[in-house]
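Student: Below you will find the structure I want to go over with you.
FYI, it's all coordinate maths here, none of it is from the lab. Remember, predicted model here, so these are calculated numbers, not experimental data. Please note: Cβ atoms are built from the backbone with ideal geometry, for glycine as well, and neighbour counts cover all protein chains shown.
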Amino acid sequence: MISIITGIIAEFNPLHLGHQALVSQVKAEAEACIVILSSNFTQRGSPSFTDKFSRAKMALSAGADLVLELPFLFACSAGQDFARGAVSLASHFADSLAFGMETPEADVMRMLHAEDSQLYTQNLRHQLSLGASYPKAHSLALEAACPGAGEFVSQPNNLLALSYMREIVKGNYALDVMKVKREGDFRSKMIREDLAGNAHMMPEYTRRIIAESEVSDEERLWPLLQSVLIRSRGEDLRRIYGIDEGIEGLFLKHWKQARGLGDFIGRCVCARYTRAHIRRRLVYVLLGLVREDVRDALTEGVPYARVLGFNDRGRDILRMKREIRVITRLADAQGQTGKYFADTEYRASQLYELTLTHQDFARETQKPVIIHSIIHK
């Protein structure tokens, strides 16, 4: 019987030496480590560098015992929904949650209490009314209610930690917290931008898995997006989840002049809309996600735990009784909400294939990755 299981919420896009250190520290203090891994589209709305099964293999190679998929509808969402789905899923399997932070010594609970204050709420509304993006408004409002918090949330891993702890408190989950100091200047973004020049940031197994995988290029989605915008009117786009506050006007205004997807996104970025905000909504548009359908599904929460990979200890974890349905195939999803999540997952993965040089539209149906011994080099 495995008594101490620690979870990590991750994208591993791709997995670097800092991620390896986090997994190693977890394994030094827990009997088992599970990873809640984002799907083929990331929280920022970009297609993942390599597909989720390749990243699941990286996680297992790092020492994780079980890799579960964070469904697309939560994985490709703003931080609050991303954290809500991930923490909820982790709570069914883990006793504690570990995450890297730039400043783990900070009093996060003080910031969470500040978010409940009237001062924070008033300042948040005021900043949003001035046209600030939500991340900017949140930072300014939190700083006003809790001096020093603005600097804290300016660091990406600190901001994620705050989101995770907020969800643990709100959901009243029986999850302990393991804060790990982020060490070293290892950044997945730098690796994605210069794979050869930053190869030293990755373990050998990550380099090998990337060499064996297809690497995505979101620019390949540009012709598809152009075709959708050609046939769309404002009222058509406003039916899509997340398309509100006039963002459809920006899309219809700028696509004809844009020289590609990156250029188009850059033209749409403004004080109100961040690059990630725009990217996520473009994915929703490409998938034709109807607002009411997505809202209803997100309200229901994560309907199943889909296994992407495991080792022998992970197999033992899967044998333990859970209150959530465990599946290995999307076809095994049950209920209206489960089937909607699965259908959206499948279509998002088909869209992801269009970002690759050699598409394999059957990739989504493959079996979980199984590793019987830890590679860990």
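Student: How would you rank TYR173, TYR205, going from fewest to most other Cβ atoms within 10 Å of each one's own Cβ?
Tutor: TYR173, TYR205
Student: Could you check the spin-label model distance between ALA271 and THR103? Points 7 Å from the Cα along Cα→Cβ, value in nm.
Tutor: 2.7
Student: Fully extended, how many nm does the chain gain between HIS358 and ARG319 (0.36 nm per residue separation, minus their Cα-Cα distance)?
Tutor: My answer for the length gained is 10.4 nm.
Student: With a 10 Å Cβ neighbour count serving as the proxy for reagent exposure, in which order, fewest first, do LEU124, LEU289 appear?
Tutor: The most exposed by this proxy come first: LEU124, LEU289.
Student: Here is a follow-up. Neighbour counts of other C-beta atoms within 10 Å: give me ASP293, ASP65 arranged from fewest to most.
Tutor: Neighbour counts put them in this order, fewest first: ASP293, ASP65.
Student: Rounded, prolate or oblate, given the Cα gyration tensor of the stretch 108-153, with a/c below 1.5 counting as rounded?
Tutor: Values: a/c = 2.41, a/b = 1.47, b/c = 1.63.
It is oblate, given that a/c is not under 1.5 and a/b is not larger than b/c.
Student: Now, a different point. For THR365 and TYR173, FRET efficiency with R0 = 30 Å and r from the beta-carbon atoms, rounded to 0.05?
Tutor: 0.40
Student: While we're looking at this one, here's another question. SER139: net charge of surrounding residues, Cβ under 13 Å, Lys/Arg +1, Asp/Glu -1, itself excluded?
Tutor: Summing Lys and Arg as +1 and Asp and Glu as -1 gives -2.
Student: For the stretch 108-153, what's the relative contact order in percent, using C-alpha pairs closer than 8 Å and at least 6 residues apart? Write out the running numbers ahead of the final one.
Tutor: Values: 44 pairs, mean separation 18.3, N = 46.
Once normalised by length, the contact order is 40 percent.
Student: Mean separation of Cα pairs under 8 Å and 6+ residues apart, divided by the residue count of the stretch 218-293: what relative contact order is that in percent? Each step should come with its number before you reach the end.
Tutor: Numbers: 58 pairs, mean separation 30.8, N = 76.
Result for the stretch 218-293 is 40 percent.
Student: A follow-up question, please. Could you state the number of Å between the C-alpha centres of the stretch 49-105 and the stretch 150-168?
Tutor: When both Cα centres are located, 15 Å separates them.
Student: Take the Cβ-Cβ distance between GLU235 and HIS126 as r, set R0 to 35 Å, and report the resulting FRET efficiency rounded to the nearest 0.05.
Tutor: Efficiency at R0 = 35 Å is approximately 0.65.
Student: Is the stretch 1-86 best put as rounded, prolate or oblate by its Cα gyration tensor, with a ≥ b ≥ c the root eigenvalues, rounded for a/c under 1.5, and otherwise prolate when a/b is larger than b/c, oblate when not?
Tutor: The shape class here is prolate.
Student: I would also like to ask the following. Mind giving me the FRET efficiency for HIS372 and LEU195? R0 is 41 Å, r the Cβ-Cβ distance, nearest 0.05 is fine.
Tutor: Efficiency for this residue pair is about 0.90.
Student: Quick one: grab the alpha carbon gyration tensor of the stretch 143-196, order the square roots of its eigenvalues as a ≥ b ≥ c, and give me rounded if a/c is under 1.5, else prolate or oblate depending on whether a/b is larger than b/c.
Tutor: Values: a/c = 2.64, a/b = 1.56, b/c = 1.70.
Oblate, because a/c is 1.5 or more while a/b does not exceed b/c.
Student: So what's the net charge close to GLN257: Lys and Arg +1, Asp and Glu -1, counting the other residues with Cβ under 11 Å from its Cβ?
Tutor: +3
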